[in-house]
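As structure tokens, the structure follows; a few thoughts come after it.
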Amino acid sequence: MAGPESPTRALFMVGVCQLTSGADKRANRFAVARLVGQAAGRGARLVVLPEMWPYYGPARGMAEAAEPLDGPSAGLLRNLARLHRVWLVGGSIPEAGGSGGKVWNTSLLVAPDGAVAATYRKIHLFDVDIPGKVRSRESESYTAGAEVVSAGTPLGLLGLTVCYDLRFPELYRALAARGCAAIAVPSAFTAVTGAAHWETLLRARAIEDQVFVLASNQVGEHPGRPASFGHSMVVDPWGRVLASVEGEGVAIAALDLSELEKIRRELPALRHGRPDLFGVGVPGSAQARGRGPAPARRRGRR
């Protein structure tokens with residue numbers, strides 16, 4: 001029988017963590033350490049955390065909660081990655097230094113040696129008003145990022161996104177165009193919009209871009225914030241939900257990289273794109289066919 005790392009059936013274990021962050025940063029850090037340990041203990045080699053796990057309390061406290069990229073939250077992520085020898089998508093943290101006293105909503109990809117392999121700042125800000133249900137003005141607290149980011153991992157090229165980005169398929173197609181095998185979606189998707197759209201959007205992005213989607217969501221009630229939907233999940237390139245979790249906890253899935261290659265070979269929709277008409281091309285690279293990792297893309301502070 002072929003082993004889990006054999007050329008005929010390359011399986012890669014991933015975990016998505018779900019928690020209820022609040023305004024107590026110390027409690028949030030303890031919860032994250034526990035969940036990453038659980039995921040690693042169940043065999044995950046890449047673990048994804050939710051959006052804004054260090055602080056998800058009233059917006060007025062966001063500037064005070066913000067940290068530099070060498071602060072305690074990033075330090076915890078680096079320590080956990082080293083301790084458990086995992087690739088860690090550190091959800092997102094409030095990064096100090098945005099324009100006008102605002103913060104960036106920043107996701108870090110940390111390698112098993114504790115090095116930061118990639119830094120992504122959330123591009124799309126959640127400014128919505130659904131009367132009587134959800135009102136959000138992220139632009140009052142956050143500065144928008146302006147760079148599409150991906151990095152090489154043993155799973156393949158991994159694309160980084162955050163929450164509201166999920167509603168913008170052009171970002172996901174741009175990551176597919178780079179050859180991403182998987183895309184991470186750390187989120188605090190609301191209970192109202194999540195019940196209507198969360199799973200549909202995750203499965204759509206996986207199907208149309210033929211990638212694994214690793215979605216880690218906040219769950220439950222948060223002080224001064226809309227309730228979060230939860231239902232963190234891993235979706236394969238055929239749109240199948242491989243694993244999910246309801247309350248606080250971890251969902252673990254084995255990603256079949258040979259299945260990724262098979263889907264892209266038998267239904268080559270990515271190669272049928274028309275960049276001449278729509279402006280987003282898809283390369284015919286080995287990475288785009290799911291055959292291995294691309295070199296890590298690193299970036300510093302802007």
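The values are calculated or read from the model by the stated rules, or taken from the named source; none is laboratory data. The shown structure was predicted, so the numbers you read here are calculated from the model rather than taken from an experiment. All Cβ positions, even for glycine, are placed from backbone atoms using ideal geometry, and neighbour counts span all protein chains on display.
A few points about this structure:
- Among the conditions (1) more than 22 Å from Gly273 (Cβ to Cβ); (2) out of contact with any Gly (no Cβ under 8 Å at 6 or more places or on another chain); (3) among the polar types (S, T, N, Q), Ser216 misses just one, which is (2).
- Among the residues of region 116-132, not a single one is without any contact (Cβ under 8 Å) to a residue 60 or more places away in the chain, of a type in the set (Asp, Glu) and buried (at least 20 other Cβ atoms within 10 Å of the Cβ).
- Some residue of region 241-264 being in a loop (DSSP other than H, G, I, E, B), touching a strand residue (DSSP E or B) at 6+ places or on another chain (Cβ under 6 Å), surrounded by 22 or more Cβ atoms within 10 Å (Cβ to Cβ) and at pLDDT 95 or above: no
- All conditions but one from (1) at positive phi; (2) under 13 Å from the mean Cα position of the chain (by Cα) apply to Ser107; the one that does not is (1).
- Residues of region 220-240 that are charged (D, E, K, R) and either at pLDDT below 95 or touching a helix residue (DSSP H, G or I) at 6+ places or on another chain (Cβ under 6 Å) (or both): Arg225 alone.
- Residue in region 106-113 that is closer than 27 Å to Leu46 by Cβ, among the hydroxyl-bearing types (Ser, Thr, Tyr) and either crowded, with 18+ Cβ neighbours inside 10 Å or touching a Ser or Thr at 6+ places or on another chain (Cβ under 8 Å) (or both) present: yes
- With respect to the conditions (1) in contact with a strand residue (DSSP E or B) (Cβ under 8 Å, 6 or more places away or on another chain); (2) part of a helix (DSSP H, G or I), Ser228 falls short on a single one, namely (2).
- Complete set of residues in region 58-79 that are under 20 Å from Gly101 (Cα atoms), touching a strand residue (DSSP E or B) at 6+ places or on another chain (Cβ under 6 Å) and basic (Lys, Arg): none
- Whichever residue in region 186-208 is surrounded by 24 or more Cβ atoms within 10 Å (Cβ to Cβ) and touching a residue at least 60 places away in the same chain (Cβ under 8 Å) and, among such residues, is farthest from Glu259 (Cα to Cα): Ala188
- Answer residue from region 265-280, given it is part of a loop (DSSP other than H, G, I, E, B) and among the hydrophobic types (A, V, I, L, M, F, W, C) and is surrounded by the fewest Cβ atoms within 10 Å (Cβ to Cβ) among those: Leu267
Residue-wise test of (1) closer than 30 Å to Ser258 by Cα; (2) touching a residue at least 60 places away in the same chain (Cβ under 8 Å).
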| position | (1), (2) |
| --- | --- |
| Gln18 | yes, yes |
| Leu49 | yes, yes |
| Gly57 | no, yes |
| Asn79 | no, no |
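- Scanning region 75-108 for residues that are of a type in the set (Lys, Arg) and modelled with pLDDT of 95 or more returns Arg78, Arg82, Arg85.
- Verdict on Pro68 being in contact (Cβ under 8 Å) with a residue 12 or more places away in the chain, surrounded by fewer than 24 Cβ atoms within 10 Å (Cβ to Cβ) and of a type outside the set (Asp, Glu): yes
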